[in-house]
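The values are calculated or read from the model by the stated rules, or taken from the named source; none is laboratory data. Since we're looking at a predicted model, the values are computed, not measured. Quick reminder, even Gly has a Cβ in these numbers, built from the backbone with ideal geometry, and neighbours come from all protein chains shown.
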Amino acid sequence: MAMRKYLFIGFLAAAVPMAAQASVRINEIAWMGTDESASAEWMELSNDDNQPVDLSGWILNAADGSPSITFPDGAHIDAQGYFLLERTRDTTVPSVPADLIYTGSLSNSGETLTLTDAASTTVDVVVGGDGWCAVGGDNATKQTAQRTGSGWITATATPRAANAATGTTASCDKATDQATGSKGASTSTSTTTATDSTAAAVATTTAPATSAGSGGGGGPPTYEPVPPVFLSIGPDRTVVAGADTKFQALVSDGQGHRYAAATVHWAFGDGSSADSTNVFKSYRAPGTYLVTAAAIQGLGSGADDLTVTVKDAAVRVITVSPQGITIANDSASRLDLSFWRLRAGTTTYALPEGTKVLPHVTVLFPKDITNLPFTHDSALLYPNGKIAAGYRVVKDVAAALPTTPRVQPAVPTEGFNPIQVGAPVVHNSANHISAYDENTAVAAPAASAKTEVAGALYAEHASATASRLIAATSTATSPGTVLFPFQSFFSSPLTITLVGVLLASGTVLVLL
């Protein structure tokens, strides 16, 4: 009857899935106390991974509720390190400082201990059995229960240090249990762990492999560990908002054998989830999201996560020509165009997986590869078919001009108003030279206020020309006198004499 009881307990423990923190486990239990005091109980966790693990919010709980230990914020276990929990005070383990002080005693009749992480995921389970017969420990010698790669043993205490290499294997079929004196069926537990840089493995409790035969000579049942489950969902990535991104889970046993029938559950950090090995996900808004995945294969389970950075697309279709379609990535990071599509008219071309464009680079997708027709109606599409970037055609400039021609405004026909040209002529009695009186000279009048610009310029030019002519002739006269052309020639006495001679000679010729 006792054998069936432990078999049932072991099977229930095996059915509890473990999380990715399989590297952290319950490693040593001093349920019997120390030589100083039976109440000086302590427990130890170990971390087999090469990375420290944050224990904030974790819980180590006994099935009967005592003890129930919640790890405070900031608690952590170093890589390849140990975490010591001491009951009541730090002097429980002399000369070895505690990492955490707790209250509540472990029953000498046995306990079932469960370790869960901050997300309430079960990390490890230890079924102690009646009087801790399933894991060991000696109430008389104060040797502790210690975990090894092949099971639990009883050996000299090793607080915050590697467990003993050898010891007495725990068994529940010994003559008298050291705590209760009861006999029971044989059982043992073992946890197998494995780690990988890109995958998470889960430690599981044991499951029964065989059972005792009928009668008294069949021997105790044996248990074999469930193979670890490794889950890898890839590295962190940067994606574009609105674009479908492929997420793929690889579930294996860590030895190259893939679990094709494993169940994978995804949570994408924005409230959405999916259940499949391969899924496509589109984020609607930029941000940083934590993607988690959990795989279940039989009684084993594994978990992994990655960070997704979502940004707006900074991509353009800059040219469309008979040679192909040219795309520009204006962002400062690589643009993953896997499964995106180019469209020309109604024809599309799907870009193959792994197609990426470097930052601030333009790429021509040639027509002889895409087989897309040449048309200005072209675009770059997300994998879901929505337009990520369209091509804008710059139309002929002449077509954008107004259709109504512009008419040159008519020039008014009105000219100059009549004006007085100059002042009356003054005769100089001394030399009979006609001239303008300097004191009464009239300046050229201004043009009419209604005169057009062209007329005003003409009047100004004519006035300037007349001024230059008067200035040129004035240099041949005395100051204050202005002469017209040829006046100096006809007013000369020599000229008058010569004219008189010519007139007399002409008269003589007529008379002859």
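Key figures
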item	result
Looking only at segment 275-301, and only at residues there that are in contact (Cβ under 8 Å) with a residue 60 or more places away in the chain and among the small types (Gly, Ala, Ser), the one that is surrounded by the fewest Cβ atoms within 10 Å (Cβ to Cβ)	Gly298
Ala140, sole failed condition from (1) under 46 Å from the mean Cα position of the chain (by Cα); (2) aliphatic (A, V, I, L, M); (3) loosely packed, with under 14 Cβ neighbours inside 10 Å	(1)
Hits in segment 47-69 - residues which are surrounded by 15 or more Cβ atoms within 10 Å (Cβ to Cβ) and either outside the structural domain of Trp132 (by TED's automatic domain parsing) or in a strand (DSSP E or B) (or both)	Asn47, Val53, Asp54, Ile59, Leu60, Asn61, Ala62, Ile69
Test: residue in segment 73-82 that is closer than 23 Å to Ala164 by Cα, crowded, with 16+ Cβ neighbours inside 10 Å and without any contact (Cβ under 8 Å) to a residue 60 or more places away in the chain	yes
Residue that is among the small types (Gly, Ala, Ser) and under 18 Å from Val239 (Cα atoms), where the choices are Gly345, Gly354, Gly390, Gly324	Gly354
Residue match in segment 121-133 (condition: surrounded by fewer than 21 Cβ atoms within 10 Å (Cβ to Cβ), closer than 22 Å to Ala40 by Cβ and at pLDDT 90 or above)	no
Failed item in (1) part of a loop (DSSP other than H, G, I, E, B); (2) modelled with pLDDT of 90 or more; (3) within 22 Å of Gly242 (Cβ to Cβ); (4) among the hydroxyl-bearing types (Ser, Thr, Tyr), with Ser333 passing the rest	(2)
Residue that is farthest from Phe247 (Cα to Cα) [pool: residues in segment 286-315 that are part of a strand (DSSP E or B) and among the small types (Gly, Ala, Ser)]	Gly300
Strands (runs of 3 or more DSSP E) completely within segment 232-273 that count 3 or more residues being touching a Pro at 6+ places or on another chain (Cβ under 6 Å) and surrounded by fewer than 18 Cβ atoms within 10 Å (Cβ to Cβ)	none
Qualifying strands (runs of 3 or more DSSP E) (wholly inside segment 86-166; at least 1 residues being at positive phi)	151-155
Candidates Ile69, Ile59, filtered to the one that is within 36 Å of the chain's Cα centre (by Cα), modelled with pLDDT of 90 or more, hydrophobic (A, V, I, L, M, F, W, C) and closer than 21 Å to Val125 by Cβ	Ile59
Number of the exception - Met1 against (1) surrounded by fewer than 20 Cβ atoms within 10 Å (Cβ to Cβ); (2) of a type in the set (A, V, I, L, M, F, W, C); (3) at pLDDT 90 or above	(3)
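Yes/no per residue for (1) farther than 16 Å from Tyr102 by Cα; (2) at pLDDT below 50; (3) not in a strand (DSSP E or B); (4) not assigned by TED's automatic domain parsing to the domain that holds Gly137:
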site: Gly10; (1), (2), (3), (4): yes, yes, yes, no
site: Val16; (1), (2), (3), (4): yes, yes, yes, no
site: Arg25; (1), (2), (3), (4): yes, no, no, no
site: Ile29; (1), (2), (3), (4): no, no, no, no
site: Ala38; (1), (2), (3), (4): no, no, yes, no
site: Leu45; (1), (2), (3), (4): no, no, no, no
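Table: residues versus (1) of a type in the set (Ser, Thr, Tyr); (2) touching a Phe, Trp or Tyr at 6+ places or on another chain (Cβ under 6 Å); (3) touching a residue at least 40 places away in the same chain (Cβ under 8 Å); (4) over 14 Å from Ile26 (Cα atoms).
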residue	(1), (2), (3), (4)
Ala63	no, no, yes, yes
Gly104	no, no, yes, yes
Thr121	yes, no, yes, yes
Gly137	no, yes, yes, yes
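Okay, residues lined up against (1) modelled with pLDDT of 95 or more; (2) surrounded by fewer than 16 Cβ atoms within 10 Å (Cβ to Cβ); (3) in the same structural domain as Ala262 (by TED's automatic domain parsing):
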{"position": "Ala303", "(1), (2), (3)": "no, no, yes"}
{"position": "Leu306", "(1), (2), (3)": "no, no, yes"}
{"position": "Thr326", "(1), (2), (3)": "yes, no, no"}
{"position": "Asn329", "(1), (2), (3)": "no, no, no"}
{"position": "Leu351", "(1), (2), (3)": "no, no, no"}
